[in-house]
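Reviewing the structure listed below.
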Amino acid sequence: MAQVATTLTILLLVATGVALLSRRFRVPYVTGLVLAGLGVTQLLPNPLHLDSALILNLLLPILLFQAAINTDVSRLRSTIKPISLLAGPGVALAAGITATVLKFALNLEWIPALLLGTILAITDTVSVIAVFKEVSVPSRLTTIVEGESLFNDGVALVLFSLILEVYTRGSVTVLAGLQQLVVVIVGGALVGLAIGSLCAVLFVSLSDDPLSGILLTVAVAFGTFQAGHGLQVSGVVAVVVAGLTVGNRGLNQSVSASSKITLLNFWEYADFCVNTFIFLLIGLEVEPRLLWNIIPSILLTILAYQVGRVLSVYPLLAISNRFDLPIPLRWQHVLFLGNIKGSLSMVLALSLPASLPGRSDLIALVYGAVFVSLIGQALSLPWLVKRLNIAAVSEFRQQIEALQSQLIAAKAAQNELAVLHDTGVLPKSVYEEMRSSYQVQVAEAEKQLRDLHNRRTDPLISSQGGASKLNAVRRRLLMVERGALNDAIRKRIISEEVVTQRLRSIDDQLFRLEDE
């Protein structure tokens, strides 16, 4: 135990040093962790190794749930078409193309090639978002990256399991494979929706008890994953759907601002700790001498998955652009080069059956590809984003968003003050005094926003990104209207027959917004 404590202390100190140095030299944190892991191997009293069961059952649910609970479903819905294409057909297409290239380039059998192609079709969202923190990018592009990664993990894991089943049984028909794929994904979504909805109901009674809320969400994250596996459906999809349900329903139902902040801060810290641990272990696992001996094969592997990514991203997004708000070509370049590999690829490589021909060689290839990806792609992506001028934000846009942030914050504080006053926590005199100070901020921000819009023709509508934002606002307002009418019907305040036409009108408007 003393040696384990010493090892953890060394890793924590190394991680702290990496955080300071990466901020100073503007190097992505995850890249710094991998490099640090290479250098501290000899300092540890006990060598640590990646354990596939530990990461899949303990660490992966934390990463998935944290990403899902912070994802706004309305933003996800506005980009659902490109996300669905990239995370569904995109993963299968990239895996198939990568496997075909590797089979002939490295003379592999079909099963090992397909397994390797599936492993390398996974995109690590942590690495990409860490890079985006260094260079700001449009929120819609970030949503697409986060959404694709949320769901492509589940699709890739299901494909991986199907290929292993073919290897174990000897053969599986295409129809049976497709049926199993649909059942596993849809079943996982239903399990996640059921558990997430139950958690959202329980949140009502825990609105003022943030610590119990944290315990509940931790139980949901791990319980949903295990329930999915127990029911033989996708645990990954189940956790993602449960997290989306809790984040967008549970946290929006009479949960106080302080409780919500406490819970989200806990999950942010848990995500940070897990990623720190995983990427340090990646550095510890890599053996530079072994990788150097197979560097030609590693480069061919990287070329193969890049070819797969090219032939999946650009054609699928060309299809998406015909039916959805177009994704600029510069964004597509980022989605192509942003397919950084990470921990899940290494975990799947470790989980390959011992009887698989060339298992050790496949693991070495995955380790080498992940290592080069985390170093090369993660370091070059910020440079690419700057060169493509994606991060550029006009001074006018910055002024607008600064005033909007002031307005949102002040009105949120006023709403919280109203709750405290209505529940008897604040006396009326104190409430009115504090509310008036926020009202000054609201009035000032509204006046400046009005002046800016009068000086320039509505900039929110003059750009595609602005039009998307306005559509998101309109969609949210229509959903609020629909929710209010449904609540009134449920409480018997108005009769359903009277408002049916109004509800249909709202649904029609929502449908039109989805098609724009």
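A quick yes/no check of all residues on (1) assigned to a helix (DSSP H, G or I); (2) surrounded by 23 or more Cβ atoms within 10 Å (Cβ to Cβ); (3) touching a residue at least 24 places away in the same chain (Cβ under 8 Å); (4) polar (S, T, N, Q):
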position: 82; (1), (2), (3), (4): yes, yes, yes, no
position: 108; (1), (2), (3), (4): no, no, yes, no
position: 116; (1), (2), (3), (4): yes, yes, yes, no
position: 140; (1), (2), (3), (4): yes, no, yes, no
position: 147; (1), (2), (3), (4): yes, yes, yes, no
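Which residue out of 354, 378 is of a type in the set (A, V, I, L, M) and more than 24 Å from residue 30 (Cα to Cα)?
Every option except 354 fails the conditions.
Would you call residue 430 open to solvent by less than 60 Å² (accessible area, probe 1.4 Å), under 28 Å from residue 136 (Cα atoms) and at pLDDT 80 or above?
When the stated conditions are applied, residue 430 does not pass them.
Scan segment 197-210 for residues that are within 18 Å of residue 266 (Cβ to Cβ) and of a type outside the set (A, V, I, L, M) and jot them down.
199, 203, 207, 208, 209, 210
I'd like to know if segment 268-288 contains one or more residues that are part of a helix (DSSP H, G or I), farther than 30 Å from residue 368 by Cα and modelled with pLDDT of 80 or more.
no
Please give the number of the condition residue 372 fails out of (1) part of a helix (DSSP H, G or I); (2) aliphatic (A, V, I, L, M); (3) farther than 30 Å from residue 301 by Cα.
(3)
Of these, 355, 345, which one is hydroxyl-bearing (Ser, Thr, Tyr), over 16 Å from residue 83 (Cβ atoms) and open to solvent by 10 Å² or more (accessible area, probe 1.4 Å)?
Of 355, 345, the one residue that is hydroxyl-bearing (Ser, Thr, Tyr), over 16 Å from residue 83 (Cβ atoms) and open to solvent by 10 Å² or more (accessible area, probe 1.4 Å) is 355.
What number of residues within segment 188-224 satisfy the criterion of being among the polar types (S, T, N, Q), in contact (Cβ under 8 Å) with a residue 24 or more places away in the chain and assigned to a helix (DSSP H, G or I)?
The number of residues fulfilling the criteria is 3.
Before we move on, is residue 350 modelled with pLDDT under 85 and either open to solvent by 10 Å² or more (accessible area, probe 1.4 Å) or polar (S, T, N, Q) (or both)?
Judged against the criteria, residue 350 is a match.
In segment 222-233, how many residues are buried (at least 24 other Cβ atoms within 10 Å of the Cβ) and under 18 Å from the mean Cα position of the chain (by Cα)?
Final tally of qualifying residues: 2.
When residues of segment 234-266 are filtered for being buried (at least 22 other Cβ atoms within 10 Å of the Cβ) and either assigned to a helix (DSSP H, G or I) or over 18 Å from the mean Cα position of the chain (by Cα) (or both), how many remain?
15
Do we have residue 121 as assigned to a loop (DSSP other than H, G, I, E, B) and touching a residue at least 24 places away in the same chain (Cβ under 8 Å) here?
Yes.
For (1) over 26 Å from the mean Cα position of the chain (by Cα); (2) modelled with pLDDT of 80 or more, each residue gets a yes or a no:
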{"residue": "26", "(1), (2)": "no, no"}
{"residue": "41", "(1), (2)": "yes, no"}
{"residue": "44", "(1), (2)": "yes, no"}
{"residue": "52", "(1), (2)": "no, no"}
{"residue": "76", "(1), (2)": "no, yes"}
{"residue": "87", "(1), (2)": "no, yes"}
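Hey, any hits in segment 304-325 for a residue that's touching a Pro at 6+ places or on another chain (Cβ under 8 Å), buried (at least 17 other Cβ atoms within 10 Å of the Cβ) and assigned to a loop (DSSP other than H, G, I, E, B)?
Yes: one or more hits.
The values are calculated or read from the model by the stated rules, or taken from the named source; none is laboratory data. It should be emphasised that the depicted structure is a prediction, and the values quoted were computed from it without experimental measurement. All Cβ positions, even for glycine, are placed from backbone atoms using ideal geometry, and neighbour counts span all protein chains on display. Side chains are part of the model used for accessible areas, which takes the heavy atoms of the whole protein and leaves out ligands, DNA and RNA. Shrake-Rupley method; radii C 1.70, N 1.55, O 1.52, S 1.80 Å.
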